[in-house]
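This report refers to the structure that appears directly beneath it.
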Amino acid sequence: MSAESAPPLLLRHVTVIDATGAQPRQDQRVRIERGRIVSVEPDTGPVPAHALIVNGTGKFLIPGLWDMHVHLAFENWEPFIQPVFFPMLLANGVTGVRDMAGDMSLLLKLRRQIDDGEILGPRLVIAGRELSWLPQDTGQFAVLNAAQARHLVDQLVAAHVNFIKVQDPLSREVYFAVADQARRRRIPFAGHVPYSVTASEASSAGQKSFEHLIGIPEACSTQERELKHSESAAMVRLDPDQHEAAKFFFAAFDSYKPENAAKLFAQLKKRSTWQVPTLVEERSSWTLSGTHRLTDERMRYIPEVTLRWWDSYMNDLAGKRTAEDLASGKKFFDRELVLFRDMHRAGVKFLAGTDAIAMAYVFPGSSLHEELELMVQAGLTPMEALQTATRNPAEYLGVLQDRGTVEAGKVADLVLLNANPLDSIGNTRKIEAVILRGRLFRRHELDAMLSSAAARARESGIN
């Protein structure tokens, strides 16, 4: 059913948390027609005829959630994106995602099919492929010089991707060629801060977002240049020892200088260089151990091909960790939470992202709720955390006039909760219904989506 053919939807007696920062408004009537919010007003007066009425008594309406860092379309995952990953996202209230690189032709097809109403899925903002130095998979372009960098930016623009993604191992020549060509072609670029440039340089070059806090600890250090040089040299050697590489990050925190941090944070705020810390991914990266699959009820939704991807990560890195490594990893992650807190206090802007599904045990949909909980743990208020997945993505994407908050005239991507997320951010998990493009999916329909996803995953080889 399209938004145009759906009957008007009327949510009655609902508490609206519009994500603008305003206080919740109780006993509201929210009218939705043709996929948009027509009105948000006190629930008084006659009820319009021919409307589908939802009783929102005791319930809380928030904007649809965005995961601003996912990887949906790696090799061999195509059979599971629509029947497994999309239901996991939608059933968890995720109505939009920013895909950071994968199979470009597949992502372009999925975006078109979703936009045309051919398939049901979250809104997709995509990079297509990422620009790297040496391709490791189908999601990367190898870029060896400035001329090639400019050509590939043009090629991605011609393919109608939404932004350009940069990776760690880019030379300075290539990085600044990408930045210049992206500016010329008026397309944002985002991603990792390469080892060859500093965080300040990346911000000055116009990189719109940094992922995973990469480059931030070094920039707050008294040894930034030396650390970046060592990291770049290790990448050139293709050093496979990630334990050895981790020493650079610890050295950065050990030489942390508050004055350097304050200077960087002021620049990031002034230039609106957004941060996507992917705390849930960082926690996995630094604290996972062992080579046995995690016991988690969500594992039943994950296809065997994805589990093998996760197993590879666990065997290559986490399986080699000693007790000392785990203690150090926990200490490092705790420092990242403090770094996140300090950046937030300085006014740096944040987006919620998880790195699902590329990182082991970062689940589509549900891990976004974990990300919000980690943000609150690190010092954000529940409203601020909620905004990193609602209002902030809309502002970042330049569509705040169209979505991101619960206001008249905006797209009707909404989540109806059974508990107040401002009392506890964990209440974003308590989903009664999801509204996507004005179409209502009640709890039993969401549960049916998940049951179907689990069945499809079992067919792939899960016992």
**Message:** Checking the a/c ratio against 1.5 first, then a/b against b/c, what shape does the Cα gyration tensor give for the range 304-354?
**Reply:** oblate
**Item:** Relative counts (whole %) of C-alpha pair distances in the range 132-198, using bins that are 10 Å wide
**Value:** 23, 61, 16
**Prompt:** Among all the aspartates and glutamates, which ones have a C-alpha under 17 Å from Lys109's C-alpha, if same-chain residues fewer than 8 places away are not counted?
**Reply:** Glu75, Glu78, Asp99, Glu118
**Request:** Work out the length of the dipole vector of the range 64-397 about its Cα centre, built from +1 on the beta-carbon of each Lys and Arg and -1 on the beta-carbon of each Asp and Glu, and round it to the nearest 20 debye.
**Result:** 1040 debye
**Item:** Global form of the range 64-397, assessed from the alpha-carbon gyration tensor, a/c cut-off 1.5
**Value:** rounded
**Prompt:** Once phi is turned into θ = phi - 60°, what whole-Hz ³J(HN,Hα) does the Karplus curve with 6.51, -1.76 and 1.60 give for every residue of the range 257-270, x standing for Gly and Pro?
**Reply:** 10, x, 5, 5, 4, 4, 5, 5, 4, 5, 5, 4, 5, 4
**Complete:** Non-local residues with an amide H under 5 Å from the amide H of Trp133, with H modelled 1.01 Å from N and Pro and chain starts lacking one, are Val143
**Complete:** Counting only residues 5 or more apart in sequence or on a different chain, those whose built amide H sits under 5 Å from that of Ala433 are Leu416
**Asked** How high is the relative contact order of the range 64-397, in percent, counting Cα pairs under 8 Å that sit 6 or more residues apart?
**Response** 18 percent
**Asked** What is the spread of the Cα atoms of the range 316-406 along each of their three principal axes, largest first, in whole Å?
**Response** 50, 29, 19
**Residues whose placed amide H lies under 5 Å from that of Val38, excluding near-sequence neighbours** = Arg31, Ile32, Glu33, Gly409
**Message:** Under the rule a/c < 1.5 gives rounded, and otherwise a/b versus b/c splits prolate from oblate, where does the range 154-304 land using the Cα gyration tensor?
**Reply:** oblate
**Item:** Subset of Lys269/Lys430; Lys269/Lys410; Lys349/Lys410 violating a 25 Å alpha-carbon distance limit
**Value:** Lys269/Lys430; Lys269/Lys410
**Request:** Would you calculate, for the chain, the mean residue ellipticity at 222 nm contributed by helices, counting each DSSP H stretch of 4 or more residues as -39,500 (n - 2.57) and dividing by all residues, to the nearest 500?
**Result:** -12000 deg cm²/dmol
**Request:** Could you tell me which of Ile302, His212, Leu9 has its Cα farthest along the dipole of the chain towards the positive end, charges placed at Cβ (Lys, Arg +1; Asp, Glu -1), taken about the Cα centre?
**Result:** Leu9
**Request:** May I ask you to evaluate 6.51 cos²θ - 1.76 cosθ + 1.60, the Karplus curve with θ = phi - 60°, for each residue of the range 390-400 and list the ³J(HN,Hα) values in order in whole Hz, giving x for glycine and proline?
**Result:** 9, 5, 4, x, 5, 5, 4, 7, x, 10, 4
**Complete:** Karplus ³J(HN,Hα) for the range 352-366 (6.51 cos²θ - 1.76 cosθ + 1.60, θ = phi - 60°; Hz, whole; x = Gly/Pro) runs 7, x, 10, 6, 5, 10, 5, 8, 4, 6, 9, 8, x, x, 5
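Bear in mind these aren't lab numbers, they're just calculated from the coordinates by the rules spelled out. The structure displayed is predicted, hence computed values, not measured ones. Every residue, glycine among them, receives a Cβ derived from its backbone with ideal geometry; neighbour counts consider all protein chains shown.
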